[in-house]
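Taken together, the values in this text are just the output of simple stated rules run on the coordinates, not laboratory data. Just so you know, these numbers come straight off a predicted model, no measurement behind them. Note: ideal-geometry Cβ built from the backbone for every residue, glycine included; neighbour counts use all protein chains shown.
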Amino acid sequence: PDEPQWVDGSGLSRYNLFTPRSVVAVLDKIRRMVPQDRLLGIFPAGGVSGTIEDWYGNGIQPYVFAKTGTLRNNHCLSGYLLTRSGRLLIFSFMHNNYTGSSTAYKREMEKVLRKIRIEVQ
């Protein structure tokens, strides 16, 4: 994976440099160290809690467990996706320097994750 550059703990420095690949590598390391039920309890659940409470709901059980990161014209979502077959996948989206509302990006991420949830065994 790409080597992350971490300059400050706040995450606000422009010199903090993380790629989706480096975030996925960190999430994979966490996944290997923490039992799945505990792991999914640590992250906000789509349709249930946190900043993704209004997204990724299916009315039955959560399938996206993730954290968002939002600053002006930047929106990120990284975490875990539980497929219909019960497989746990790791993902990271990073949208930078867009214009307008983040809603269109959030909708597309939701479509992509929903499709992966259904189609990946």
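Here are some notes:
- When the range 2-29 is filtered for residues that are under 26 Å from Tyr63 (Cβ atoms) and surrounded by fewer than 14 Cβ atoms within 10 Å (Cβ to Cβ), the ones remaining, listed by number, are Arg21, Asp28, Lys29.
- The range 31-51, subset within 14 Å of the chain's Cα centre (by Cα) and among the aliphatic types (A, V, I, L, M), residue farthest from Lys106 (Cα to Cα): Leu39
- With respect to (1) within 15 Å of the chain's Cα centre (by Cα); (2) surrounded by fewer than 17 Cβ atoms within 10 Å (Cβ to Cβ); (3) of a type in the set (A, V, I, L, M), the lone exception for Leu71 is condition (1).
- Number of positions in the range 1-27 that are free of Cβ contacts under 8 Å to residues at least 24 places away in the same chain, assigned to a loop (DSSP other than H, G, I, E, B) and β-branched (Val, Ile, Thr): 1
- From the options Gly59, Gly47, residue that is out of contact with any Cys (no Cβ under 8 Å at 6 or more places or on another chain), surrounded by 14 or more Cβ atoms within 10 Å (Cβ to Cβ) and under 21 Å from Lys115 (Cβ atoms): Gly47
- Enumeration of residues in the range 66-106 that are among the charged types (D, E, K, R) and not in a strand (DSSP E or B): Arg72, Arg84, Arg87, Lys106
- Among the residues of the range 35-45, at least one is among the charged types (D, E, K, R) and either assigned to a helix (DSSP H, G or I) or at positive phi (or both).
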